[in-house]
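Notes follow the structure.
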Amino acid sequence: MNVMQDMTAAVSLGDKGLTLPLADGREAYFNYYWLRDNCPSSFNTETRERTFDIFHLETAPRAASARVEDGALVIDWAGEDHVTRMPLSTLAQYTDGRPRHDPADLPRVAWYSDHFADVPRFSQPELVKDPALCAKWIEALLVEGLAIVTDMPDSNEALTETANLLGTVRPTFFGDFFDVKTYINPTNSAYTAAALELHTDTPAEEHAPGVQFLHCRRNSVEGGGSLYADGVAVANDFRARDPEGFKLLSTVSIPFYCEHDTYDVRSRQTVIELDAHGEVSGLTISQHMADIFDLPQDVLDDYYPAFCRFGKMLQEDRYVMKFMMKAGECLVFDNHRIVHGRAAYTASSGERYLRGTYVDRGEMRSRYRALVSEGRFKA
Ligand SMILES: [Fe+2]
């Protein structure tokens with residue numbers, strides 16, 4: 001008996017799928033629909049899209065025969081003039097029903113109030129020129145949630161150019177951009193000289209924007225220091241210190257709102273956001289945009305104290321990084337993870353002007369994967 005006959009005998013056909021040995025000796029089962037739908041011929045390598053439409057099969061796919069040949073599973077399909085050759089290396093990635101490896105799914109590293117000197121910094125003109133540096137920048141945003149872009153040109157275009165390195169600009173109900181300075185008739189607390197408590201932006205949107213850019217164009221006022229804290233650091237410590245409170249804040253959603261003459265934006269969010277691994281991935285919190293809590297009053301007996309315990313913890317000195325933004329710097333941070341605020345300033349004491357915009361988290365992850373990984377179709 002030669003080797004090929006040996007391998008042929010090793011593939012066993014069932015009613016709904018087949019079982020075969022993989023290169024590492026493991027036996028693995030694969031469903032026929034899955035094998036037929038994902039035949040390499042189902043994908044157009046130019047458009048990189050699936051061109052096969054399984055809905056057009058008249059009968060359930062079933063192997064007439066199958067064998068392992070030259071490191072690939074070869075299937076002759078019953079009732080169809082079609083042969084599938086699927087590499088064992090491809091099959092090995094799908095044996096356990098685990099999600100496909102995602103290079104952008106990086107473990108987060110929490111940071112504390114003493115982090116300012118270590119905040120990753122990237123020069124804007126260098127980022128524009130160097131895709132590898134761009135990948136390092138995005139990696140810092142995925143892992144730490146915050147980075148500073150330096151040497152920003154003093155123009156509106158520079159902010160767009162920088163945002164476009166991560167993805168397309170994500171408009172909000174403020175438009176494509178927002179300008180943070182003092183207004184005579186403010187529609188938002190940010191547009192006054194008052195202190196601004198630690199918050200995430202636009203929580204009232206169903207999907208609040210993911211990455212925030214704050215480009216400091218002028219800052220010569222007295223006061224107005226920037227405050228930033230890592231929501232992951234605080235929520236992870238809260239989980240250890242106050243498990244019951246953590247459970248409430250990560251499972252019970254509360255209402256947020258943003259209302260004025262022409263808009264009435266509403267959403268419900270949990271204050272603590274968990275990812276698919278059950279790890280803390282972010283926060284949604286904003287005292288100035290929290291709506292009147294409409295939970296049953298007896299639930300509030302537990303929820304409110306937990307909410308306040310967490311809110312006080314967020315302001316503890318160990319978490320809040322304080323610094324003065326300088327003209328020419330752009331803070332870039334995960335709006336679902338990093339809370340930001342500012343100390344009050346004297347409006348008449350000088351000029352303070354920040355211009356901001358957003359890009360979604362998914363766009364940033366997409367850009368990162370495209371920069372660092374091969375994908376399924378790259379040669
Ligand atoms: Fe804000």
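The values are calculated or read from the model by the stated rules, or taken from the named source; none is laboratory data. The structure displayed is predicted, hence computed values, not measured ones. With ideal geometry, Cβ positions are generated from the backbone for all residues, glycine too; neighbour counts draw on all protein chains shown.
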Given the conditions (1) closer than 24 Å to residue 313 by Cα; (2) modelled with pLDDT of 95 or more; (3) within 16 Å of the ligand (Cβ to nearest atom), every one holds for residue 214 apart from (1)
Restricted to the stretch 193-232 and to residues being under 19 Å from the mean Cα position of the chain (by Cα) and among the aliphatic types (A, V, I, L, M), the residue surrounded by the fewest Cβ atoms within 10 Å (Cβ to Cβ) is 214
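In the stretch 259-266, is there at least one residue being within 26 Å of residue 278 (Cβ to Cβ), more than 14 Å from the ligand (Cβ to nearest atom), in contact with a strand residue (DSSP E or B) (Cβ under 8 Å, 6 or more places away or on another chain) and modelled with pLDDT of 95 or more? Let's see the steps before the verdict.
Residues of the stretch 259-266 within 26 Å of residue 278 (Cβ to Cβ): none.
Within the stretch 259-266, none of the residues are within 26 Å of residue 278 (Cβ to Cβ), more than 14 Å from the ligand (Cβ to nearest atom), in contact with a strand residue (DSSP E or B) (Cβ under 8 Å, 6 or more places away or on another chain) and modelled with pLDDT of 95 or more.
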Note: among 312, 326, just one is more than 16 Å from the ligand (Cβ to nearest atom), touching a residue at least 60 places away in the same chain (Cβ under 8 Å) and among the basic types (Lys, Arg), namely 326
Report, by residue number, each residue of the stretch 309-323 that is of a type outside the set (Gly, Ala, Ser) and farther than 13 Å from residue 244 by Cα. 312, 313, 314, 315, 316, 317, 318, 319, 320, 321, 322, 323
What number goes with the only condition from (1) within 16 Å of the ligand (Cβ to nearest atom); (2) closer than 26 Å to residue 163 by Cβ; (3) touching a His at 6+ places or on another chain (Cβ under 8 Å) that residue 287 does not pass? (2)
Subset of the stretch 55-89 [in contact (Cβ under 8 Å) with a residue 24 or more places away in the chain and among the β-branched types (Val, Ile, Thr)]: 68, 75, 84
Would you be able to say whether some residue in the stretch 92-102 is closer than 18 Å to residue 376 by Cβ, surrounded by fewer than 14 Cβ atoms within 10 Å (Cβ to Cβ) and among the acidic types (Asp, Glu)? yes
Here is a list of conditions, (1) surrounded by fewer than 13 Cβ atoms within 10 Å (Cβ to Cβ); (2) not assigned by TED's automatic domain parsing to the domain that holds residue 330, and residue 68 meets all of them except one; can you say which number that is? (1)
Report whether or not residue 293 is aromatic (Phe, Trp, Tyr) and closer than 21 Å to residue 195 by Cα. no
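Sort out which residues of the stretch 203-234 are in contact with a Leu (Cβ under 9 Å, 6 or more places away or on another chain) and of a type in the set (A, V, I, L, M), and write them in order of number. Break it down into steps so the answer makes sense when it comes.
We begin by selecting, within the stretch 203-234, every residue in contact with a Leu (Cβ under 9 Å, 6 or more places away or on another chain); these are 211-219, 226-232, 234.
Correct list: 211, 214, 227, 229, 232, 234.
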Taking residue 285, is it in a loop (DSSP other than H, G, I, E, B), buried (at least 17 other Cβ atoms within 10 Å of the Cβ) and either aromatic (Phe, Trp, Tyr) or in contact (Cβ under 8 Å) with a residue 40 or more places away in the chain (or both)? yes
Among (1) under 28 Å from residue 180 (Cα atoms); (2) touching a helix residue (DSSP H, G or I) at 6+ places or on another chain (Cβ under 8 Å) - the single one residue 343 does not satisfy: (2)
Among the residues that make up the stretch 242-251, is at least one of them in contact (Cβ under 8 Å) with a residue 60 or more places away in the chain, crowded, with 21+ Cβ neighbours inside 10 Å, closer than 24 Å to residue 317 by Cα and within 16 Å of the ligand (Cβ to nearest atom)? no
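What is the residue count in the stretch 162-209 for residues that are assigned to a loop (DSSP other than H, G, I, E, B), aliphatic (A, V, I, L, M) and either within 14 Å of the ligand (Cβ to nearest atom) or at pLDDT 80 or above (or both)? Full working, then the answer.
Let us first name the residues in the stretch 162-209 that are assigned to a loop (DSSP other than H, G, I, E, B), namely 165-171, 173-174, 176-177, 181-188, 192-195, 200-209.
Next, only the ones that are aliphatic (A, V, I, L, M) stay: 165-166, 169, 184, 193-195, 204, 208.
Still in the running and either within 14 Å of the ligand (Cβ to nearest atom) or at pLDDT 80 or above (or both): 165-166, 169, 194-195, 204, 208.
Adding up the residues that qualify gives 7.
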